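Everything below concerns the one structure shown next.
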Amino acid sequence: PSSRIIAIDGPAGAGKSTVAAHLARHFGLLNLETGAMYRALALKATERGIPLDDPAALTALTAETTIALTPGDGANRVLLDGRDVTALLRTPEITAAASRVSVHPGVRHWMVAAQRSMGQTAPTGVVMEGRDVGTVVFPDATLKLFLDASVEARGDRRFLQTGVTPAAQAEDRDSITRDIAARDERDRTREVSPLRPADDAVRIDTTAMTLDEVLDRATALVEAAL
Ligand code: C5P
């Protein structure tokens, strides 16, 4: 493609967002978090009381929706029909709802079209992060990274980000790990564009790596690819 596209895919908690934000800053690329778009649509469906297992209603909803991602402080700011919903998208309820709306082919079709147009029109080139960027959205991406880690390591990292009190810790850690495993299972087994590494993706298993090691490796790969 004419535009430089770095695709980053992998399961929840593998470090995609951190790596994407770093690469975007380091190489001056636009960072686009596709998961935030599924979250925004899930929010709209939830607000309107649309059942998350109704493909026809959700696909119809996409036709009257605009979702824009703009550069934020590391993460994207998300405009849903012009309204800044960034602060509403990371609750457990919306996280679970996003996972459920993302299985529907009509929803994915709409998302992929929007993501392609955002990627193609970015003059700087983009880092696009998600589950199907290297396999479906941009199969001709300049570089594809697939980040993975054991489910325990991913649960622990998510848990550490929440910063809860010691009393709640053990239970929280287990429930976060269970949630992640359930979302992965849904992503990996859905019929349309299941989560999997593209054949030509560079796989990085971060289970035993420090954050700095992961960032160094990703940076070197992008350096060589651009
Ligand atoms: O990456 P994030 O956790 O924000 O994504 C939320 C949900 O959106 C994921 O659990 C996944 O089911 C879905 N998703 C997807 N395809 C993408 C990005 C996210 O199906 N490209």
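Observations, loosely collected:
- Some residue of the range 152-164 being within 13 Å of the ligand (Cβ to nearest atom), open to solvent by less than 60 Å² (accessible area, probe 1.4 Å) and assigned to a loop (DSSP other than H, G, I, E, B): no
- Yes/no for VAL136 being more than 10 Å from the ligand (Cβ to nearest atom) and either touching a residue at least 40 places away in the same chain (Cβ under 8 Å) or not in a helix (DSSP H, G or I) (or both): no
- Residues of the range 64-92 satisfying the condition of being of a type in the set (Asp, Glu) and in contact (Cβ under 8 Å) with a residue 24 or more places away in the chain: ASP81
- Members of the range 187-216 found to be crowded, with 16+ Cβ neighbours inside 10 Å and in a helix (DSSP H, G or I), listed by number: ASP187, VAL214, LEU215
- Residue identified as away from the ligand (no atom under 13 Å from the Cβ), basic (Lys, Arg) and at pLDDT 95 or above among ARG217, ARG178: ARG217
- For the residues ARG83, ARG39, ARG77, the requirement of being out of contact with any Pro (no Cβ under 9 Å at 6 or more places or on another chain) and farther than 18 Å from ARG108 by Cα singles out ARG83.
- Residue match in the range 114-131 (condition: over 19 Å from ARG77 (Cβ atoms) and crowded, with 22+ Cβ neighbours inside 10 Å): yes
- Any chance ALA167 is part of a helix (DSSP H, G or I), modelled with pLDDT of 90 or more, of a type in the set (A, V, I, L, M) and open to solvent by 40 Å² or more (accessible area, probe 1.4 Å): no
The values are calculated or read from the model by the stated rules, or taken from the named source; none is laboratory data. If you're wondering where the values come from, they're calculated on a predicted model, not measured in any experiment. We place every Cβ from the backbone using ideal geometry, glycine too, and count neighbours over all the protein chains shown. The protein model used for the area step is the full one, side chains on, heavy atoms only, and it has no ligands, DNA or RNA in it. Shrake-Rupley method; radii C 1.70, N 1.55, O 1.52, S 1.80 Å.
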